[in-house]
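Chemist: The structure follows.
The values are calculated or read from the model by the stated rules, or taken from the named source; none is laboratory data. Being a predicted model, the structure only gives us computed values, none of them experimental. Glycine gets a Cβ as well: all are built from the backbone with ideal geometry, and neighbour counts include every protein chain shown. Quick note on the areas: whole protein, heavy atoms, side chains included, nothing else; ligands and nucleic acids left out. Shrake-Rupley method; radii C 1.70, N 1.55, O 1.52, S 1.80 Å.
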Amino acid sequence: MIEGIFVEGLIYGIMVLGVFISFRILDFPDLTVDGSFPLGAALMVQCLLSGMNGWLALLIAFSGGVLAGVVTALIHNHLRVPNLLAGILTMTMLYSVNIRILGNRANVPILDQPTILKQVTEKFTGVIPDEYILLVFFLVVALVVKVLLDLFFRTDLGMTLGAMGNNEQMVISQGVNPKTLKTIGVGLSNGLVAVSGAFAAQYLGFADVGLGQGIIVSGLASVMIGEFLMLKSNRIGVLTFCALAGSVCFYAVMYVGRFYGYVIHMTPSDLNLIKGVLIIILLILTQAKKLKVPFKVAK
């Protein structure tokens with residue numbers, strides 16, 4: 001059970017890092033996530049079914065997520081549509097796109113396909129205890145993604161993205177086009193979400209058009225848990241670590257709810273209620289704690 005909690009938390013932790021970028025760094029509430037997550041899963045599954053290398057399929061899933069984010073940013077920037085509505089439009093369109101990618105089917109299994117996870121398991125069987133192989137693998141993947149993000153947000157472009165989230169007018173006064181920055185940031189955010197969806201499809205053994213339903217709520221709850229647990233810090237390394245830790249904590253709560261909810265007569269449909277209540281509680285606790293740490297990348 002403990003291994004399952006950490007594996008699930010780390011898989012969706014990549015998605016949480018994407019949500020963290022859009023909601024906290026860019027201050028861009030983006031609902032595209034509910035569409036880009038199953039998009040990554042659909043692209044991964046179809047690429048594997050066509051015989052493509054798993055790592056190349058993962059790159060294609062990332063590119064698809066980036067494209068979805070770019071579409072949202074373009075709708076917002078050039079049509080002057082509010083960011084929430086732009087995300088809803090893209091998310092709605094992606095539902096049809098995802099069904100098309102899956103061959104006009106809502107669910108496509110890949111239980112007999114050579115996925116990345118199966119290859120990793122076969123390679124390290126006997127080297128690492130079988131129950132810990134996926135845990136170690138996803139721990140490495142999550143840390144690699146975290147380190148790459150930390151390095152990116154220490155570059156001039158990354159620091160400019162962080163500054164725009166705090167004060168867009170200051171960025172404009174420096175001669176930087178905020179529309180370009182939003183496009184890059186939202187694209188990167190949804191690219192990470194799609195990668196998370198691609199790994200989730202391999203872990204679950206299928207891709208489903210409803211795989212991303214409510215995923216944005218899970219991402220927000222995870223970010224908020226991380227912020228609540230976080231020490232007062234403006235260092236990007238601490239912020240990304242807390243986002244991953246928040247994901248593990250959130251999915252631990254969901255895991256316990258799924259396995260022991262029968263004690264209080266819970267059903268799977270009650271999990272969304274738990275997510276909403278958890279966010280409300282976190283909002284209350286955060287306001288009580290008065291934790292207001294502005295984002296600023298510190299070297």
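Chemist: Which helices (runs of 4 or more DSSP H) sit wholly inside the range 7-114 and have at least 1 residues that are open to solvent by 40 Å² or more (accessible area, probe 1.4 Å), within 24 Å of Lys182 (Cβ to Cβ) and small (Gly, Ala, Ser)?
Modeler: Of the helices (runs of 4 or more DSSP H) lying wholly inside the range 7-114, those with at least 1 residues that are open to solvent by 40 Å² or more (accessible area, probe 1.4 Å), within 24 Å of Lys182 (Cβ to Cβ) and small (Gly, Ala, Ser) span 54-78.
Chemist: Name the residue that is modelled with the lowest pLDDT, counting only residues in the range 146-189 that are charged (D, E, K, R) and part of a helix (DSSP H, G or I).
Modeler: If we take residues in the range 146-189 being charged (D, E, K, R) and part of a helix (DSSP H, G or I), then Glu168 is modelled with the lowest pLDDT.
Chemist: I've got another one for you. Under 7 Å by Cβ, and 6 or more places apart or on different chains, what pairs join a residue from the range 203-218 that is assigned to a helix (DSSP H, G or I) with one that is hydroxyl-bearing (Ser, Thr, Tyr) and at pLDDT 90 or above?
Modeler: Within 7 Å, the pairs are Ser218/Tyr12.
Chemist: Let me spell it out: the conditions are (1) more than 21 Å from Leu59 (Cα to Cα); (2) in contact (Cβ under 8 Å) with a residue 24 or more places away in the chain, and Leu134 meets all of them except one. Which number is the exception?
Modeler: (1)
Chemist: Which of the numbered conditions does Arg105 fail, given that it passes all the others? Conditions: (1) more than 19 Å from the chain's Cα centre (by Cα); (2) over 25 Å from Leu56 (Cβ atoms).
Modeler: All conditions pass for Arg105, except number (2).
Chemist: Oh, and also: Could you tell me which numbered condition Val193 fails, if it satisfies all but one of (1) open to solvent by less than 10 Å² (accessible area, probe 1.4 Å); (2) outside any helix (DSSP H, G or I)?
Modeler: The number of the failed condition is (2).
Chemist: Here's another thing I want to ask about it. Restricting to the range 35-77, name every residue that is touching a residue at least 40 places away in the same chain (Cβ under 8 Å), farther than 16 Å from Val195 by Cβ and of a type outside the set (Val, Ile, Thr).
Modeler: Those that are touching a residue at least 40 places away in the same chain (Cβ under 8 Å), farther than 16 Å from Val195 by Cβ and of a type outside the set (Val, Ile, Thr): Leu49, Ala73, Leu74, His76, Asn77.
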